[in-house]
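Below is one structure, written out as structure tokens, with a few remarks after it.
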Amino acid sequence: MSAQVIMIASGKGGTGKSTVSVLLGSRLAAAGKRVLLIELDSGLRSVDIISGVYGKTVYDISDVLSGRCQAAKAIIESSIYPGLSVISAPYEGGVVEPQALQKLIQVLDSYYDFVLIDTAAGLGAPFKAAVSVSQMALLVLTPDPVALRDGHIVADVLYDAGLQNVRLVVNRVGPNTFEKGAVEDLDECIDTVAVQLIAVIPESVALQRSSAAGQPLAANALAYRAFDNLAQRILGKDIPLVVR
Ligand SMILES: Nc1ncnc2c1ncn2[C@@H]1O[C@H](COP(=O)(O)OP(=O)(O)OP(=O)(O)O)[C@@H](O)[C@H]1O
Ligand SMILES: [Mg+2]
């Protein structure tokens, strides 16, 4: 069986791609899947902290893609999310060539059920390389006009590149999000971006704190259930979208 490769993208920065990547990976792993998360973002490493591998990384994805080390040396098991493995981004520099990433995916393919690729915001080299190896894209956005507009642009590029399986994750939805008026409701998010919704992740202080501290997200946090539902939907289960 070969791995399903899913890229996590956004137009605007800071919408929650890395957070969604780690927590989705953790729930797929909890469902018994072999999951590798590749952080394809140079200079803005954050997956190491969120997944609890901070300080354990010797080799990073740029070492692997440039041939300085074998993939196995850069893969670190998350200590807080069992079953989730991570290859971190470099602290700085690093060129992402699509051909190098394609080769890496070929090597890893039979060892994992899912390879998640956390990309940098926008349409740069990490995004383009990820598109060239992915079967699915999750577009992560926050419900604000800039994220929606940029999300629409990214969705168009994904579709133009031939990636048909694109799904929308609306992140950081709080009880008063749509009362403030900038974005009316979830329908406006879906209509503006023109991508089918797969998950709504609540605004969560517990998630923000646990991510920053490299601690696991508590199973009783509202966001935990949302990530579990996202993972189950990706695994093909029919879980209704309930927005609180
Ligand atoms: N659902 C949420 N509730 C509360 N805080 C969140 C949520 N999702 C993400 N955050 C916070 O938002 C910030 C940005 O998240 P994250 O680093 O995952 O975004 P990103 O899209 O990967 O950013 P970048 O574009 O810089 O790579 C972090 O402080 C994170 O803890
Ligand atoms: Mg990120």
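Observations on the structure shown:
- The helices (runs of 4 or more DSSP H) found entirely in the range 50-136 that carry 3 or more residues being buried (at least 17 other Cβ atoms within 10 Å of the Cβ) and touching a strand residue (DSSP E or B) at 6+ places or on another chain (Cβ under 8 Å) are 98-108, 125-131.
- Candidates L37, L24, L28, filtered to the one that is surrounded by 19 or more Cβ atoms within 10 Å (Cβ to Cβ) and not in a helix (DSSP H, G or I): L37
- On inspection, G122 fails the criterion of being away from ligand 2 (no atom under 16 Å from the Cβ) and at positive phi.
- Test: residue in the range 140-163 that is among the acidic types (D, E), within 16 Å of ligand 1 (Cβ to nearest atom) and either over 18 Å from the mean Cα position of the chain (by Cα) or not in a strand (DSSP E or B) (or both): yes
- Filtered residue count, the range 174-217, keeping only those that are among the hydroxyl-bearing types (S, T, Y), in contact with a helix residue (DSSP H, G or I) (Cβ under 7 Å, 6 or more places away or on another chain) and near ligand 1 (Cβ under 10 Å from one of its atoms): 2
- Tabulated pairs, the range 190-212, first at pLDDT 95 or above, second part of a loop (DSSP other than H, G, I, E, B) and within 7 Å of ligand 1 (Cβ to nearest atom), C-beta under 8 angstrom, 6+ apart or interchain: I201/G16
The values are calculated or read from the model by the stated rules, or taken from the named source; none is laboratory data. Everything numeric in this text was worked out from a predicted model, so none of it was measured. Don't worry about glycine lacking a Cβ; one is built from the backbone with ideal geometry, like all the others, and counts go over all protein chains shown.
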